[in-house]
Structures are given as structure tokens and as C-alpha cells.
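What follows is a set of notes on a single structure, which appears directly below.
Bear in mind these aren't lab numbers, they're just calculated from the coordinates by the rules spelled out. On a predicted model such as this, the values are computed, not experimentally measured, just so you know. Note that we place each Cβ from the backbone using ideal geometry, even for glycine, and neighbour counts take in every protein chain shown.
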Amino acid sequence: MREYQSITLLLARMRQGDETAERDLASIVYPELQKMARGIMSGERFDHTLQPTALVNEAYVRLAAMAQGLNDRTHFFAAAASVMRHVLVDYARQHRAAKRPGNRPRLDLKDDLMVLESNVDLILDVERATEKLKEWDPRQFQIVELRFYGGMTEEEIAEVLSISARTVRRDWEMARSWLLGQLSKPPGQHDS
């Protein structure tokens with residue numbers, strides 16, 4: 001609870017213009033952001049061009065820029081999941097532009113999405129599908145985002161979204177099933 005209060009207090013101090021609050025916030029949240037990034041990047045080759053530290057650094061720069069609108073620890077880490085998603089998608093788009101498309105690896109949609117240089121096309125396919133999910137069911141989209149990119153547990157997601165863990169579990173299964181259906185279709189045949 002102490003960390004929760006500290007992050008909330010530091011965000012409030014940042015909104016009030018306290019210049020030391022950002023440094024203090026970074027020292028508290030950086031280890032948790034690194035844990036999130038390591039989860040996303042698990043299984044990664046040692047020589048991958050996007051390292052967890054680079055992901056955290058880029059995500060933190062973006063989060064600090066939006067800190068004025070963040071209210072508390074829960075809001076901060078929900079925003080962190082979203083920002084990491086955007087960083088990874090931007091990375092995948094840059095690499096896709098630099099390389100020709102290849103065979104798509106299989107995806108089973110576990111609790112997180114491992115980022116491999118060989119699956120940048122897949123990351124972009126997941127992004128397109130999750131954007132469609134966002135239009136179809138925004139809450140399921142949030143659950144997917146928090147689970148894939150935030151590495152959050154059902155209980156943590158329930159807290160962020162103010163719903164029960166049971167609802168999170170049910171919506172996750174529905175979203176996962178829908179996304180798997182979308183991703184198993186040949187390109188160009190996705191639902192609109």
C-alpha cells in the first residue's frame with residue numbers, strides 16, 4: 001500500500017510542478033517497468049535489436065510526458081501497458097518497412113506476447129486485430145492490452161477496470177478466442 005500511496009503522491013506533486021517528483025517517481029516505477037518489459041521480451045534472442053532496457057526507456061519518456069493526466073499507481077501502470085504496446089508496434093512497423101515479409105509464425109495467445117525479430121509481421125497482425133476488438137468490445141481490448149503488454153494478473157486487471165476477476169477471466173477467454181479466429185484467417189479476410 002505504501003508504494004501505491006507514494007506513486008499517487010508523486011503524480012500529484014508532478015501535476016503541481018514539483019521538478020524533483022519525476023526523478024523520485026522514476027526510481028520507484030522503473031524496476032516495475034523493467035519487469036513488464038522482461039515479461040514482454042522473454043524468450044528473446046540475446047542479440048535482438050530491441051532490448052528490454054530500450055523498451056523501458058522509450059516507454060518512460062512517453063509516460064513522463066503524459067504524467068499530468070495520470071492519477072494513481074493503477075492508472076500509471078495501465079498507461080504503461082498501453083505505451084509499451086505502442087512502442088512495440090512502432091518498432092515492428094519500422095522493421096517491417098526495412099525487411100520483406102516472410103512466413104508468419106504460429107501464435108497461441110498466451111498471457112503475454114513475446115517479441116521476436118522474426119515475428120514483426122505477426123505483431124502488426126495482432127495490433128490490427130486488437131484495434132478491431134477495441135471497436136467491438138472496448139473492455140475486452142483493455143483486458144488484452146493489460147495482459148499482453150502490461151503483464152498484469154486477473155486481479156490487477158480487475159482493480160484497474162473496477163470489475164471482478166471472474167469477469168476479467170470470462171472476457172479474456174472471449175477476447176482470446178475472437179483474436180485467434182481473426183489471426184487464423186488469411187490476410188484480407190479479417191472481420192470488419
Length gained, ARG23-GLU155, 0.36 nm per residue minus C-alpha separation, equals 44.6 nm
Hits in segment 151-186: amide N under 20 Å from the 7 Å Cα→Cβ extension of LYS35, namely 151-162, 165
Label points 7 Å out from Cα along the Cβ direction at ASP72 and ARG15: separation in nm?
1.2 nm
